[in-house]
Amino acid sequence: MSQGPRSGLAAVSSALLAMSRHLEVRDVLKTIVASARELLDAQYAALGVPDDHGGFAQFVVDGVSDAEWKAIGPLPRQHGILAAMLREARPERLADVRKDPRFEGWPSAHPDLVDFLGLPIRDGDEVIGALFLANKLHSVGGHPPHPPHPPRPKPEGSCGFTEEDQELLSILAQHAAIALTNARLYERSRELTIAEERSRLAHELHDAVSQKLFSLRLTAQAAAALVDRDPARAKGELHQVATLAAEAADELRAAVVELRPAALDEDGLIATLRTQTQVLDRAHTARVTFTSNGFRALPAAQEEALLRVAQEALHNALRHSGAEHVAVSVDRRGGGAVLRVGDDGSGFDPQAVRRAGRHLGLVSMRDRASGVGGTLTVESVPGKGTTIEMEVPGG
């Protein structure tokens, strides 16, 4: 194998393990690209997942700064060497990609690529992506140089990437196909689970509540008809309206309570949150940590509210804030508890609370807190992260 900065079995194992620890498609793609570039000592690496319209549904690069990537412009189309890899499903190892007859140029801000190694990523007969490296580098002290040295001198007409490099990248591409397929299946499974749960709840709500609401409407109509000629009977019908409305509300609450996670019933709040944060830490590039101190079990409604708010706050931090670290804690406070979810992400302007509230689910979180006699506070500064704190009293 090519003697790159981390050559050998240990480096391959490390790269494959890094791929397997992520479940989100975007995170899998980033890990594949970063692993390939480091392992094969390249200046640039990229992976494109094609769409059905001549472009790329996803295109991830490594070795290009955010500013450089922004200057390059829109995502590339399926053309040139990339199109050939997707269409012909075969490797490409070129001494100078610019001299290949299929080369069609690139934007002015695009880095200059010379030697090139690319492979299709295949799932059976389907090509699900194209992975490529460019500009083989020197190694300095066992690590990729930063800033990178220019590509090392090579004989005229030869590619800096060797046949051994191609074999190694082929191994990564095969495992990348597995990791990418698993990530897609995970996301589809999660979407199906959410859709099935919504469908089940809708069905149960329809069956449980529709008859109550139908009876309520008829009773209200009867009361309206009696109000002038028989006020006493009308009053009795209105009492029945109130009873039916209360029963309908109870049915709604019962259906919602059924959505309470089984793990919360079986394991309690602390174990459930610890497990969920561990899963999120594995599934996202951001570090997610959990701590707890002195917590005592609370009534079921309060523990569920704390869990739901923690989940919503974690979703916001991991999906919208760009945070590198999200810290979750649940601690005892008096006879109750306090939950904190803090991140070092982009934050927002508290003055724009109405817009932010809709976007981040703050209204829902405040409703959950107040519904169990608790309070919710939000601290955020643009560019300096967000902290959400929920306090609930003891049972």
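Tabulated data
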| read-out | value |
| --- | --- |
| Test: residue in region 208-217 that is open to solvent by 80 Å² or more (accessible area, probe 1.4 Å) and either at pLDDT 80 or above or not in a helix (DSSP H, G or I) (or both) | no |
| Residues that are of a type in the set (D, E, K, R), in contact with a Ser or Thr (Cβ under 9 Å, 6 or more places away or on another chain) and modelled with pLDDT of 90 or more, drawn from region 333-383 | 340, 343, 344, 379 |
| Residue count, region 55-67 (criterion: closer than 14 Å to residue 134 by Cβ and either open to solvent by 70 Å² or more (accessible area, probe 1.4 Å) or of a type in the set (Val, Ile, Thr) (or both)) | 2 |
| Test: residue 243 is under 22 Å from residue 394 (Cβ atoms) and either modelled with pLDDT of 80 or more or assigned to a helix (DSSP H, G or I) (or both) | no |
| Given (1) open to solvent by 10 Å² or more (accessible area, probe 1.4 Å); (2) in contact (Cβ under 8 Å) with a residue 24 or more places away in the chain; (3) of a type outside the set (Asp, Glu), number of the condition residue 36 does not satisfy | (1) |
| Every residue from region 55-97 that is closer than 21 Å to residue 34 by Cα, free of Cβ contacts under 8 Å to residues at least 12 places away in the same chain and in a loop (DSSP other than H, G, I, E, B) | 65 |
| All positions within region 68-112 that are hydrophobic (A, V, I, L, M, F, W, C), open to solvent by less than 40 Å² (accessible area, probe 1.4 Å) and under 22 Å from residue 161 (Cβ atoms) | 81, 82, 83, 84, 85, 86, 89, 94, 95, 97 |
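The values are calculated or read from the model by the stated rules, or taken from the named source; none is laboratory data. Keep in mind that this is a model prediction, so the values were computed, not measured. With ideal geometry, Cβ positions are generated from the backbone for all residues, glycine too; neighbour counts draw on all protein chains shown. Accessible surface areas use protein heavy atoms only, side chains included; no ligands, DNA or RNA. Shrake-Rupley method; radii C 1.70, N 1.55, O 1.52, S 1.80 Å.
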